[in-house]
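Here, each number is a calculation from the coordinates, and none is a lab measurement. Because the structure is a prediction, the values reported are computed rather than measured. Using ideal geometry, Cβ is built from the backbone for each residue, glycine included, and neighbour counts are taken over all protein chains shown.
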Amino acid sequence: MLRVLSVLFLLVLTLSALSDKEILKRANSFINASKKSDQFRAYNDFKHLYLRALINEDTTLKYSALVGIVKSGSKLHIDISHYKKELASIAQKNIKKERVFKAKSSLVSSKYQAVTSPRGVRNKIIVIDAGHGGKDPGAIGYKNYKEKVVVLQIAKRLKKILHARGYTVYMTRDSDKFIKLRNRTRFANKKNADLFISIHANAVDKKSAKKAYGLECYFLDKSRSSRAKRVSASENKADLKDMNFYGKESFLNTLNTHNIVAANKLAIDLQRSALGTLSKRFKNVKDAGVRSGPFWVLVGAQMPAVLVEVGFITHPREARRLVNSKYQDSMAIGFANGIERYFQNN
Ligand SMILES: [Zn+2]
């Protein structure tokens, strides 16, 4: 089983190594397809390219990606107004001005200060869920660092920042205790949360430990990739009873389409912002993608819910960063900015 999984994993790694040009070519070939699923593939490819363009500050790629997102998104009736605006601003060649403005404003802004202060978002309620806890350590990685410890530290930092920006924030746990998966979203529902964010760290077996690293965001949907299956299988195993409770596959029929689309957007905003903030201060920060997967911890949430894998705790360099307070802070600031951006646009 492990061998099959690692072969699958390598396959996924090879796929993710596709060049921008290759992905662009594939996306453009799918954009005019008659099948909805192919159009979705194109849309996802363009969004992936958009993220890459942001990280590499590649304006040409960003432009192509935005054109693709707008075109494929309109076909699928996805709200792409935010991307449309951005596309328009690129067309007006305002990029240089924007960069100067950003550089200036980042000099002035303190770390707890909001990117902007939009009206009406201050009364939002956010539930932060630090994965695992108590008898369930989650993944154990490099130097025996434990997932449950790292994710709680990041969750606490994120809470502090969001709180300072005026949001109402609750945590499913603020100490080392075990909480059943289903009680985590139940808690968020009870609090009438607008968003649910579950924080985790990824892991692979020893053989791949030095290869696999990067930040990933997941939202709940039918699993499409083998990578999503692998990660969700590992995150789900803590609470097998819950799987029976939800009747395995049947829950997928109860998924709320509006929340899936919203969660997809949230995942993109979180991924974008975290990568942006981290790569300003650290080298080799990797975008491992935004994906959908069948995560039980997200099941039952009555609000947009995402699961972030902050990095691979099995990767020597990334694990050292994950326990580093500066890295944790950058990550938390990135997530907070992503949340803010999400609320501005939705
Ligand atoms: Zn986990």
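Give the peptides 321-330, 18-27 in descending order of average Cβ contacts within 10 Å, highest first.
Answer by packing, highest mean first, reads 321-330, 18-27.
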Sequence of Thr185, Thr59, Thr257, Thr168 once ranked by neighbouring C-beta atoms within 10 Å, starting from the fewest = Thr257, Thr59, Thr168, Thr185
note = Among Lys143/Lys211; Lys21/Lys283; Lys71/Lys280; Lys36/Lys210, the pairs whose Cα-Cα distance exceeds 28 Å are Lys71/Lys280; Lys36/Lys210
task = Provide Tyr83, Tyr342 in ascending order of the number of other Cβ atoms located within 10 Å of each residue's Cβ, fewest first.
result = Tyr83, Tyr342
task = Using the structure shown, select from Lys177/Lys206; Lys135/Lys265; Lys146/Lys206; Lys160/Lys286 the pairs with a Cα to Cα distance greater than 23 angstrom.
result = Lys177/Lys206; Lys135/Lys265; Lys160/Lys286
remark   = For region 254-336, inverting the pair-averaged 1/r of distinct alpha-carbon atoms gives a Kirkwood value in Å of 13.8
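Which ordering of His77, His82, His163 is given by a fewest-first count of other beta-carbon atoms within 10 Å? All intermediate terms of the calculation are to be shown ahead of the outcome.
On the way: His77 8, His82 17, His163 14.
Arranged by neighbour count, lowest to highest, His77, His82, His163 become His77, His163, His82.
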